[in-house]
Amino acid sequence: MGVRDFLLLCGVCLAWGLNLVLTRYVVADAPPLFYAFVRFACVAIILLPFLQRIPRQWGWATLIGLCVGGLNFVLLFLGLKYATASSVAIAGQLGLPFTTLLSMIFLNETIGWRRALGMALAFVGVIVIAYQPGSLAFSVGIVFAILSALVASVGGVAMKKMEPIPVFQMQAWLALVSVPLPLALSLFMEEDQLAQSAALGWGYVGALIFSVIGTSIFGHGAFYFLIKRYEVTLITPLTLMTPVWAVVFGVVLLNETLSPKLALGAAIALSGVAIIALRQKSLARVPET
């Protein structure tokens, strides 16, 4: 990978990590479901010109949009409401083990003992983070984050069944089909959405602009640009920079505590994810016979 593309990927991971922290800042005091609705509505409006026609496989595109978009973000924002950005960022790394498991079930892919070990370590690490000592309870925020990673993985596996479409066309469709779900849930479950959101003032506006422009348009656009130029198995291990940035920004901007339990769980989980990613990379080098 060239230096410029590596720096671009670093910027993408930085944007994703910072966005988790900014979202945590917003949803800690403002309705998370309403914020998810506003975010998708803004992305849909900006990218609507790219949706020149409905995707030919609109059924698959809608399922993927809801999994990767609406339902995923509803669960993620609820996770950030009740847990720190640092812990949610680590729990979100279960996406790769979930994708591997789902690929085994639905795509008949096989795994060796190394990737099985990696998945076990990833799950153990997240359990360490989520477990609350002195009780049998788990952090509800981490549970939401785990469910978010699972739903996104379902969308990722379903994407393998769909013919490729331009990235911004997919982003526009994803945002458009994702708008109704968080809006309906917000109207049913939340109150005083506008007043609570307005109370955060420019902090709410700034976080929203960064989420829409920095994450959805720049972050995802640049990521898919890199995916087209390099193998997924090369890009995936490098995205482990995202939770690292989230932890750093969480400590610096939100005064989150880097507790020994979080550090231990993060080390175990990220080690497992790295084993899976690197093993997939090595398997990709094996020539077909």
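Out of all the residues in region 35-80, which are of a type in the set (D, E, K, R) and modelled with pLDDT of 90 or more? Across region 35-80, the qualifying residue is only 39.
Note on region 174-209: residues that are closer than 30 Å to residue 164 by Cα and in contact (Cβ under 8 Å) with a residue 60 or more places away in the chain amount to 11. Can we say residue 30 is under 26 Å from residue 187 (Cβ atoms) and assigned to a loop (DSSP other than H, G, I, E, B)? Criteria met by residue 30.
Exactly one residue out of 23, 100 is at pLDDT 80 or above, among the β-branched types (Val, Ile, Thr) and either surrounded by 21 or more Cβ atoms within 10 Å (Cβ to Cβ) or farther than 23 Å from residue 242 by Cβ (or both): that is 23. Here residue 165 passes the criteria (1) closer than 30 Å to residue 119 by Cα; (2) in a loop (DSSP other than H, G, I, E, B) except the one numbered (1). Residues that are at pLDDT 80 or above and either surrounded by fewer than 24 Cβ atoms within 10 Å (Cβ to Cβ) or not hydrophobic (A, V, I, L, M, F, W, C) (or both) are absent from region 121-139.
The values are calculated or read from the model by the stated rules, or taken from the named source; none is laboratory data. The structure presented is a predicted model; accordingly, all values stated were derived computationally and were not measured. Please note: Cβ atoms are built from the backbone with ideal geometry, for glycine as well, and neighbour counts cover all protein chains shown.
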